[in-house]
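Following: one structure in structure tokens, then a few remarks.
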Amino acid sequence: MSKFTRLSALAFAAGLGLAQAQDLCPQFMLDSAMTVNVEGRFINAQNSRVSLDIEWRHHPESLDTFFVNFPKQAPVMFVTAGDSRYEIFSARKVKRQLGLHHLRETLGNTPLKLDDLELLANGLFLCQDTAKTTKIFSTAFSNMWYSMVVDTLPRPQKVVMRGARREARTFTIGAWKNFSGIELPTLVALTGPNYTGNLWIRSAYPIETQKGDPIVENAQKNPFRRPTLFRKTLVDGKREIPLILKLNQELLRE
């Protein structure tokens with residue numbers, strides 16, 4: 001764990017009012033800027049075959065971008081900065097600001113949720129149990145999934161997640177592979193209450209710093225809002241008032 005991560009974890013634990021700083025167990029899939037390409041094939045709750053392809057551009061201290069493509073639907077771009085997020089529907093060029101409750105929505109007709117992308121980008125987990133045989137974590141910033149149980153660390157073979165509406169699902173990891181020095185699960189079987197599927201990581205490689213990411217560069221050009229970030233989660237600075245609250249304030253003044 002880097003010095004920045006250790007100091008940030010202690011500051012974050014104090015901010016949450018935890019009794020002991022060591023109870024905070026930050027778990028991140030990626031610790032460096034990388035592009036990951038994922039393919040998913042599923043049988044959904046309607047017994048239909050569905051699929052998607054995801055290009056995930058990960059930036060540890062900035063925006064994460066997910067380009068999601070479907071065979072028979074318009075592609076969607078999901079961008080998250082930890083405290084705020086939005087979608088862009090490329091067919092209509094519409095930008096949709098998202099609140100936490102929107103994270104329970106599915107990606108197309110697949111079983112995957114927007115919250116799954118959020119957890120990939122900003123995954124933070126609080127330790128609840130450190131038993132020898134199982135590891136139980138509670139998700140710190142998830143609107144859908146409340147706990148995650150893994151059979152072993154650091155390369156689990158079975159992961160069980162439980163969340164809203166008593167929903168539970170199991171990931172069975174068939175293999176791990178080294179991508180440019182990063183260990184990632186390459187073949188994952190997904191089982192839920194009324195769906196099944198498989199996820200493959202086709203490729204993963206470092207983002208070339210000299211080329212950069214246009215989305216991140218545009219965000220960095222904004223001179224009006226540069227808060228201190230802990231894994232894209234605000235720890236100081238002024239939060240922007242959501243548009244719906246602004247509208248409510250205007251109505252109250254009338």
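Under a 5 Å amide H cut-off, with hydrogens placed 1.01 Å from N, Arg85 pairs with Leu98 among residues at least 5 apart or on other chains. Between the amide H of Asp151 and those of Gln157, Lys158, distances stay under 5 Å, these residues lying 5 or more places away or on another chain, with hydrogens modeled in the peptide plane.
Readers should treat all values here as calculations from the given coordinates under stated rules, not as data from a laboratory. Keep in mind it's a predicted model, so treat the numbers as computed, not measured.
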